[in-house]
Amino acid sequence: MCSVEIEKVESGVPLPLGASLTDRGVNFSIFSRNASAITLILYEDNSYASAYKMFPFDPQKNRTGDIWHCFIPGLKAGALYLYTVDGLYIPEKGFRFNKYKALLDPYAKAITNPNYLNYWRKSFSYDPDDPAWDLSFSYEENFSIQSRCIVIDDTFDWQGDTPLNYPLRFSVLYETHVKGLTKHPSAKVKHPGTFKGVIEKIPFFKELGVTSLEFLPIHDFNEDELTSQNPRTGEKLKNYWGYSTIAFFAPKNIYASDHTPGAQVREFKEMVRELHKAGLEVILDVVFNHTAEGSELGPTYSFRGLDNTIYYTLDENKRYYKNYSGCGNTFNCNNLVGHKFIIDCLHYWVVEMHVDGFRFDLASILGRNQKGELMENASVLEGIAEDPILRNTKIIAEAWDAGGAYQVGWFPGGRWAEWNDKYRDTVRKFWRGDLYETRHLATRIAGSSDLYLRDGRKPFHSINFITSHDGFTLKDLISYNCKHNEQNGENNRDGADNNYSSNNGVEGPTNDPTIQKMRGRIIKNFFATLMVSLGTPMILGGDEFGRTQQGNNNAYCQDNEISWFDWRLLQKNKDIFRFVKEMIAFRLRHPGFMRPEFFTGANGKYNAPPDITWFDEKGQTPKWDELEGCLAFRLDGSKAEILADRDDNDFFIMFNAHQQQASFKVCDPPKEKKWLQTIDTALPSPDDILTPGTERPLPSNGIYLMKPRSMAVLISSPNQEAYE
């Protein structure tokens, strides 16, 4: 906290932006080009009745260019502050300054626990009761009730920790939500729903075998921004996912077990440090495409009140915002100020918080200029890709936006990986039994060279996934034909309608053992397909033990048992969990599935034999235009020695998506070797996946009988190097 008796204020320095703690005090620095005046507010404590004192900036002494700054000697970590900014209020020209609204520092490293319900109305820069709406002006100040920025001491005992930065091709990503992971009572943790709760689940992640945790947004957001109610329970709906960032440098307070101001920073660092000790990476979902301030009718928290015309992409009538995010506004990413803000933020999370990577929500927006047009060479995308500090950091794009941009396979900027939704849709359709998907399945299994080869990217730039937070869980994908989002309060209109799902005979849960058995088999098919495909696999947290959202494919507002992990399912579906963890281990044992280059085929380098050979079920070269539901391929593991570090086994892999069994002609094994059965999703656990040394010889007739809707993997007779 701070003393409001401070009288001495020095001019300070313009860089770095934000509140910078030194041995002598704190330097405050903030950007605004068009403001006429800026005042720093310091608070005695975090209470609504807190005393505060205002320190106006002298434009002659406390301004360098567009940066306003001051230094306050003696101020300590924990000091609470806000800003008020004056200037023109002419919405038609894009100016929305209002000196009666306290503003958050965009560079704030933590903010106090907000109570948005209490100050929502007072956060509008206009008078919501005026018929002119945002053209009106609010004289109602909110200095006493606005949440406050916290001066943070970045000192932390990292115990030698640095980001792990695994190469993508050796990674298995696990997408999860900090709160949802451990909030359910069945999680049996001491600190449910928090960063500490994640630490308590480290043994689980180690057993599962994933390498990297990808967290939904952990930056501060307004969880109370929704006004709708759950029509079944009457409870107010929450912004659970968090894709509505207020403070991009600040970990969200509610994810800390200690609610002392600033403790969330320490606890986030502790989580990263302990995950790294366990060999687990941390990847953050970041939302630079828009902010929580919404449209012209939204609240004023920070950017809008600091310099609206600089931070946002505005319409020709500057009263309105371009809305390529679907959330009311679009951040002006390629303005130099916006560009610097994004880079500064990424640097902070890598250098000070030790994260290993970022997944960029609606990343195509980062490629739009100030007019909203897609750019061929967007400065911020290239800047992120070529930044020397971020050189080893994972950068993953959701390569589309709500404005119609779709750039999967074409995302600019050099080394970007992408969420490959084409992989998702193809694999879903194939295992559903759709016609004419078999040839497309082959392309996706082989690394999607149609998307990534042409610009020099590699197979691992394809983030392969079947499910993500946005859509059905895997259990629901094979249990529901249609979405069931009635509890979202939008009459089931929200969420995607085309999910390529199948209920396999009954909509929702069933006690029918035949349907249950088939659903379990298809879940295994999905995981096995994912793990033998070239590319970087990502799984949705909870899919490994059958988590369900009751058919809700858009659970963004469900901060309850619909979204929370029910850990009782881990025991109930232990056969699924065992299969998944063994399948991950199988992949990571075999470099043939983690090749850094695309397959060369029969006409590859040095006129060598093909590294992958495709077959139909009769053992013949496929007639791709006629192929339906059955596919096999032989993978030459000897090619892995050059391209993937060491030699590997050979594999023969078979897929049968038909409702009937199929007899597959197995090709000859490598010279002086034999085929062994290692995976068959139609067999009961533990025979569905056999551990090294327990694989079984095949019958000598060279025919493998595939049961309906199943997948099998044969491995050449054991090569000890593959298991070292």
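The values are calculated or read from the model by the stated rules, or taken from the named source; none is laboratory data. What you see is a predicted model; the values in this text were computed from it and never measured. Please note: Cβ atoms are built from the backbone with ideal geometry, for glycine as well, and neighbour counts cover all protein chains shown.
What the table shows:
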| read-out | value |
| --- | --- |
| Filter result (buried (at least 23 other Cβ atoms within 10 Å of the Cβ) and either among the acidic types (Asp, Glu) or within 19 Å of PRO106 (Cα to Cα) (or both)) within the range 319-343 | ASN329, THR330, PHE331, ASN332, CYS333, PHE341 |
| Any strands (runs of 3 or more DSSP E) falling wholly within the range 27-92 and containing at least 1 residues that are surrounded by fewer than 16 Cβ atoms within 10 Å (Cβ to Cβ), modelled with pLDDT of 95 or more and not hydroxyl-bearing (Ser, Thr, Tyr) | 52-56, 67-73 |
| Any hit, the range 164-175, residues being within 22 Å of CYS557 (Cα to Cα) and touching a Lys or Arg at 6+ places or on another chain (Cβ under 9 Å) | yes |
| Single residue of the range 47-73 satisfying the filter (of a type in the set (Gly, Ala, Ser) and in contact (Cβ under 8 Å) with a residue 12 or more places away in the chain) that is farthest from ASN142 (Cα to Cα) | GLY65 |
| Residue in the range 116-123 that is among the hydrophobic types (A, V, I, L, M, F, W, C) and crowded, with 22+ Cβ neighbours inside 10 Å present | no |
| Any chance GLU352 is of a type outside the set (Val, Ile, Thr), farther than 18 Å from LEU17 by Cα and out of contact with any His (no Cβ under 7 Å at 6 or more places or on another chain) | no |
| Residue among MET538, MET531 that is touching a residue at least 40 places away in the same chain (Cβ under 8 Å), surrounded by 19 or more Cβ atoms within 10 Å (Cβ to Cβ) and more than 24 Å from GLY180 (Cβ to Cβ) | MET531 |
| Residue match in the range 196-211 (condition: hydroxyl-bearing (Ser, Thr, Tyr), surrounded by 23 or more Cβ atoms within 10 Å (Cβ to Cβ) and under 20 Å from the mean Cα position of the chain (by Cα)) | no |
| Residue in the range 518-525 that is under 22 Å from LEU213 (Cβ atoms) and surrounded by 18 or more Cβ atoms within 10 Å (Cβ to Cβ) present | yes |
| Of the criteria (1) part of a loop (DSSP other than H, G, I, E, B); (2) touching a Pro at 6+ places or on another chain (Cβ under 8 Å), which one HIS191 fails | (2) |
| Residue selected from the range 508-558 under the condition among the β-branched types (Val, Ile, Thr) and outside any helix (DSSP H, G or I), by the criterion farthest from ARG634 (Cα to Cα) | THR510 |
| Residue match in the range 647-657 (condition: in the same structural domain as ALA712 (by TED's automatic domain parsing), part of a loop (DSSP other than H, G, I, E, B) and among the aliphatic types (A, V, I, L, M)) | yes |
| Where a residue in the range 325-349 is closer than 16 Å to LEU381 by Cβ and its partner, wherever it lies, is in a loop (DSSP other than H, G, I, E, B) and of a type in the set (Ser, Thr, Tyr), with Cβ under 7 Å and at least six apart | THR330/THR313; THR330/TYR324; PHE331/THR291; ASN332/THR313 |
| Pick from the range 228-250, criterion assigned to a strand (DSSP E or B) and in contact with a strand residue (DSSP E or B) (Cβ under 7 Å, 6 or more places away or on another chain), ranking: farthest from LEU103 (Cα to Cα) | GLN229 |
| Flag for ASN289 being in contact (Cβ under 8 Å) with a residue 60 or more places away in the chain and surrounded by fewer than 22 Cβ atoms within 10 Å (Cβ to Cβ) | no |
| Pairs, first closer than 14 Å to LYS101 by Cα in the range 129-143, second in a loop (DSSP other than H, G, I, E, B) and of a type in the set (Phe, Trp, Tyr), C-beta under 6 Å, six or more apart | SER138/PHE124; SER138/TYR126; TYR139/TYR100; GLU141/TYR100 |
